[in-house]
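I have placed the structure first, in the form of structure tokens, so that the comments after it can refer back to it.
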Amino acid sequence: MPHRKTLILVLVYVGSIALIGCGSPQPPEVTEGDTAPQFVATGIDGRKINFPISDNDKPSVVLMWATWCPYCKVLMPRLDEIRSDYAELGVEVIAINAKERGRGDPERFVREAGWDFVTIVDEGNRLAEIYDVDYLPGLFVVDGRGTIVYRRKWTELPAGQEVADLWSSQVRDVLDDQLDL
């Protein structure tokens, strides 16, 4: 009988710890209003990227993505349209492949799609970690002073055109505001 009582107490204790950890995702540590974490990386084209780009004084869009991510696949064509529409205004889209886990070939994926993003492969997920990205896609707009002015929020929407339209319109609204359009 004493063993049964001990077992019940242990189960109650473990269960209460599990319940404390459950619930909606925790708010990210890196969020709107924060200074964007700085990094230096090499793009797949060999170009050295210093971010945030401080000499340009224009906003940048940062996307953390993976070839296996269904949300990323529907969002990336929209971001390429944004890149094209805002390029003359100095806006860059930086696509950081993260959390790939050896599942795909990010360089081939971008090349075959014909996208003209600045693309970085984050081999050890270092950039995803410093930007506190647990779930893909990670999507940010960083203003010309290096402040995060938009971070994608959690959604219940399934991967598809509706969510891609939502996120791309949010990014466009923020860019328009940043550029006084």
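Going through the stretch 147-165 one residue at a time, which ones are more than 19 Å from ALA95 (Cβ to Cβ) and either touching a strand residue (DSSP E or B) at 6+ places or on another chain (Cβ under 6 Å) or not acidic (Asp, Glu) (or both)?
THR147, LYS153, TRP154, THR155, LEU157, PRO158, GLY160, GLN161
From (1) within 26 Å of ARG172 (Cα to Cα); (2) at pLDDT below 50, pick out the condition that doesn't hold for GLY21.
For GLY21, the failing item is (1).
Looking at the stretch 69-106, which of its residues are within 13 Å of the chain's Cα centre (by Cα) and buried (at least 21 other Cβ atoms within 10 Å of the Cβ)?
Within the stretch 69-106, CYS69, TYR71, CYS72, LEU75, MET76, LEU79, VAL93, ILE94, ALA95, ILE96, ASN97, ALA98 qualify.
Rundown of residues vs (1) acidic (Asp, Glu); (2) in contact with a Phe, Trp or Tyr (Cβ under 6 Å, 6 or more places away or on another chain); (3) touching a residue at least 60 places away in the same chain (Cβ under 8 Å), yes/no style:
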residue: ALA66; (1), (2), (3): no, no, yes
residue: ARG78; (1), (2), (3): no, no, yes
residue: GLU88; (1), (2), (3): yes, no, no
residue: GLU92; (1), (2), (3): yes, no, no
residue: PRO106; (1), (2), (3): no, no, yes
residue: ARG111; (1), (2), (3): no, no, no
residue: TRP115; (1), (2), (3): no, no, no
residue: ASN125; (1), (2), (3): no, no, no
residue: ASP134; (1), (2), (3): yes, no, yes
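Can you find a residue in the stretch 107-114 that is crowded, with 18+ Cβ neighbours inside 10 Å and within 16 Å of the chain's Cα centre (by Cα)? Let's see the steps before the verdict.
Filtering the stretch 107-114 for residues crowded, with 18+ Cβ neighbours inside 10 Å gives 109-110.
Checking the rest, the ones that are also within 16 Å of the chain's Cα centre (by Cα) come to none.
No, the stretch 107-114 has no match at all.
How many residues are in a loop (DSSP other than H, G, I, E, B) and of a type outside the set (A, V, I, L, M) when one looks only at the stretch 29-74?
Here is the first cut: in the stretch 29-74, the ones in a loop (DSSP other than H, G, I, E, B) are 29-34, 36-38, 44-47, 52-59, 66-69.
When the remaining residues are screened for being of a type outside the set (A, V, I, L, M), the result is 29, 31-34, 37-38, 45-47, 52, 54-59, 67-69.
Count: 20.
The values are calculated or read from the model by the stated rules, or taken from the named source; none is laboratory data. Here the structure is a predicted model, which is why all the values come from computation and not from measurement. All Cβ positions, glycine included, derive from the backbone under ideal geometry; neighbour counts span all protein chains shown.
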